[in-house]
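Taking it in order: structure first as structure tokens, then the write-up.
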Amino acid sequence: MVNIIMHGCNGRMGQVISDIVAKDENAQIVAGIDIVDNKENGYPVFTDIEACDVEADVVIDFSNAKAVDALLAYCEKKNLPVVLCSTGLSEEQIFAVNDLSKKVAVLRSGNMSLGINTLMKVLKSVSAQLAEAGFDVEIVEKHHNQKLDAPSGTALMLADAVNEQVNCEYEYRYDRSTVREKRPKKEIGISAVRGGTIVGDHDVIFAGNDEVIEFKHRAYSRNIFANGAIAAAKFLKGKAAGMYDMSDVLD
């Protein structure tokens with residue numbers, strides 16, 4: 001049994017995870033953290049993370065970048081492993097996450113789904129060959145109109161998976177409207193679309209001469225992210241300090 005503190009428990013993902021864990025015989029949420037406490041969660045909810053005095057094995061975080069600083073300080077103080085799913089972190093916060101991983105187990109991922117993490121493996125196997133053949137790389141991501149950060153953490157993960165195979169030769173271009181020039185070869189274009197209730201669409205496009213190869217992933221519900229986060233929490237229980245990702249869970 002893994003005992004979980006749900007950070008961001010009353011957000012969309014926090015509620016999905018709460019519903020799934022309630023039916024899981026091998027996991028339970030023992031406390032929640034959220035600045036809003038207006039739901040019957042079935043577990044105590046703290047609006048101030050410092051007030052949470054409930055013992056747990058791991059924290060699952062699905063909040064936002066503004067709440068991450070206090071979370072990292074809390075996990076260090078309590079020596080508590082964390083599954084960190086919030087995206088849009090600053091360089092300073094990423095540095096702090098890496099520093100925390102020297103003291104407790106941290107699993108950080110911009111996307112928790114099995115499909116996306118499998119897609120990353122596929123990209124790593126084909127990117128070098130396609131880059132050598134002169135294919136241009138473009139990534140288009142689409143999300144709901146409530147998402148705050150752009151591009152998505154998943155889009156950046158996919159871009160990194162491609163770029164690592166060519167020794168990080170490519171620069172990332174988020175906006176072409178400010179520069180009037182032909183597309184450079186050593187570039188990965190990343191475009192963000194926001195609208196409606198799109199859960200998460202990601203297209204990785206390799207465009208060559210007279211042919212195009214596309215890798216697509218479509219998320220039809222938030223359950224895929226919730227299930228991945230719960231699997232990550234079970235994996236992280238009892239793990240030594242260090243930085244982990246979803247590839248460790250899958251392996």
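The values are calculated or read from the model by the stated rules, or taken from the named source; none is laboratory data. Predicted model, so just to flag it, every value in this text is computed and none were measured. Every residue, glycine among them, receives a Cβ derived from its backbone with ideal geometry; neighbour counts consider all protein chains shown. Ligands, DNA and RNA are excluded from the accessible area calculation, which covers all protein heavy atoms including side chains. Shrake-Rupley method; radii C 1.70, N 1.55, O 1.52, S 1.80 Å.
Only residues in the range 156-179 that are open to solvent by 100 Å² or more (accessible area, probe 1.4 Å) count as the first member; pair them with residues that are not aliphatic (A, V, I, L, M) and not in a helix (DSSP H, G or I), Cβ under 6 angstrom, at least 6 apart or cross-chain, and list the lot. From the range 156-179, the pairs are 171/187.
Within the range 197-210, residues that are within 15 Å of residue 113 (Cβ to Cβ) reach no partner that is among the basic types (Lys, Arg) and in a loop (DSSP other than H, G, I, E, B) with beta carbons closer than 6 Å at six or more positions or on different chains.
Filtering 140, 179, 193 for residues that are out of contact with any strand residue (DSSP E or B) (no Cβ under 8 Å at 6 or more places or on another chain) and either in a loop (DSSP other than H, G, I, E, B) or within 25 Å of residue 12 (Cα to Cα) (or both) leaves a single hit, 179. Set side by side, the residues 54, 36, 16, 30 differ, and just one is assigned to a loop (DSSP other than H, G, I, E, B) and either open to solvent by less than 60 Å² (accessible area, probe 1.4 Å) or charged (D, E, K, R) (or both), which is 54. Do the conditions hold for residue 248, that is, is it acidic (Asp, Glu), closer than 29 Å to residue 19 by Cα and in contact with an Asp or Glu (Cβ under 8 Å, 6 or more places away or on another chain)? No; evaluated as a whole, the condition is false for this residue. If we scan the range 73-86, do we find a residue that is free of Cβ contacts under 8 Å to residues at least 12 places away in the same chain and closer than 27 Å to residue 247 by Cα? Yes, the conditions are met somewhere in the range 73-86. Number of residues in the range 240-251 that are open to solvent by 80 Å² or more (accessible area, probe 1.4 Å) and charged (D, E, K, R): the value is 1. For first residues located in the range 16-40 and without any contact (Cβ under 8 Å) to a residue 40 or more places away in the chain and within 15 Å of residue 237 (Cβ to Cβ), partners that are among the hydrophobic types (A, V, I, L, M, F, W, C) and surrounded by fewer than 19 Cβ atoms within 10 Å (Cβ to Cβ) and lie 6+ apart or on another chain with Cβ distances below 7 Å form the pairs 28/1; 30/54.
Looking across the range 202-222 at every residue that is within 25 Å of residue 131 (Cβ to Cβ), crowded, with 16+ Cβ neighbours inside 10 Å and not hydrophobic (A, V, I, L, M, F, W, C), the one that is farthest from the chain's Cα centre (by Cα) is identified as 203. Looking across the range 58-70, the residues that are of a type outside the set (Gly, Ala, Ser), at pLDDT 95 or above and surrounded by fewer than 24 Cβ atoms within 10 Å (Cβ to Cβ) come down to 68, 69.
When residue 85 is evaluated against the numbered criteria (1) of a type outside the set (S, T, N, Q); (2) open to solvent by less than 60 Å² (accessible area, probe 1.4 Å); (3) over 14 Å from the mean Cα position of the chain (by Cα), which criterion, by number, is the only one it fails? Here residue 85 meets the rest and fails (3). Every test in (1) open to solvent by 80 Å² or more (accessible area, probe 1.4 Å); (2) more than 19 Å from residue 225 (Cβ to Cβ) is passed by residue 43 save one, and that test is (1). For the range 89-100, check the following and say yes or no: at least one residue is part of a loop (DSSP other than H, G, I, E, B), more than 21 Å from residue 153 (Cβ to Cβ) and open to solvent by less than 50 Å² (accessible area, probe 1.4 Å). Taking every residue of the range 89-100 in turn, none turns out to be part of a loop (DSSP other than H, G, I, E, B), more than 21 Å from residue 153 (Cβ to Cβ) and open to solvent by less than 50 Å² (accessible area, probe 1.4 Å). Taken together, 185, 142, 147 contain a single residue that is in contact (Cβ under 8 Å) with a residue 24 or more places away in the chain, among the basic types (Lys, Arg) and more than 27 Å from residue 63 (Cβ to Cβ), which is 185.
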